Amino acid sequence: MTLNHHRCSALDKGFLIASLLSLVGCSFKFDLTSQRTALENQVLGSYNELDDDLILVASVRSLDSSGKKKEVEVSDLQAAALKARQNQDFNRDDIDELKLASILGESFDGQLVMLPENIGEKKSADQEQAKLARVLIDEENRDREVIWKRIIQSNENLSEKDMPEVKKTYAKMLHEKAAVGHWIQAEKGQWEQKTSTVQ
């Protein structure tokens, strides 16, 4: 997909993706091979629940006995988190393209960021890439904040004071799933380009 692709509404694309996934009966899951902590399991479980909820909300199976679509009740934060997941899915191709172009990277605290001038190819990005990168950073980080709040809300063992650890755990999962060539920031601040899928 190119940076110039036609941007339809995120809701339409998210609904289409969720509908297709419900028809084939699958969902995307993180597949971590390393040993996870209890917090990592909580964050991972909540994140995967959002994908499952997307499928449920859009599922053709959510019909009542008379064949009418049932309303699936969700809280305001859950609805916002579902919308955030849809938007993340919509933006994923562009974000991945800019990561492979060494313009965007993943920080140690779970933020999508423009790579520093001395790292990657930010200085060679054209105006269109730079503009798109800024829009994607704003949208993705907004979506992540909503999802982190939902993760905390949906886990009785977590509270707002756990937000920094939730962010770091989320970042760790993203770093483990990063593609070869993507830039990731270690906790001490140094940037590394991923060279293999094994960490």
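Got at least one residue in the stretch 135-154 being touching a Phe, Trp or Tyr at 6+ places or on another chain (Cβ under 9 Å), surrounded by fewer than 17 Cβ atoms within 10 Å (Cβ to Cβ) and of a type outside the set (Val, Ile, Thr)? No: zero hits. The set of residues in the stretch 124-173 that are closer than 23 Å to Phe90 by Cβ and acidic (Asp, Glu) comprises Asp126, Glu128, Asp138, Glu139, Glu140, Asp143, Glu145.
Got at least one residue in the stretch 70-92 being touching a strand residue (DSSP E or B) at 6+ places or on another chain (Cβ under 7 Å) and modelled with pLDDT of 95 or more? Checked against the condition, which is being touching a strand residue (DSSP E or B) at 6+ places or on another chain (Cβ under 7 Å) and modelled with pLDDT of 95 or more, the stretch 70-92 yields no hits at all. Against the numbered list (1) modelled with pLDDT of 90 or more; (2) touching a Leu at 6+ places or on another chain (Cβ under 8 Å), Glu139 comes up short only at (2).
The values are calculated or read from the model by the stated rules, or taken from the named source; none is laboratory data. The shown structure was predicted, so the numbers you read here are calculated from the model rather than taken from an experiment. Because the Cβ atoms are built from the backbone with ideal geometry, glycine has one as well, and the counts that use them run over all protein chains shown.
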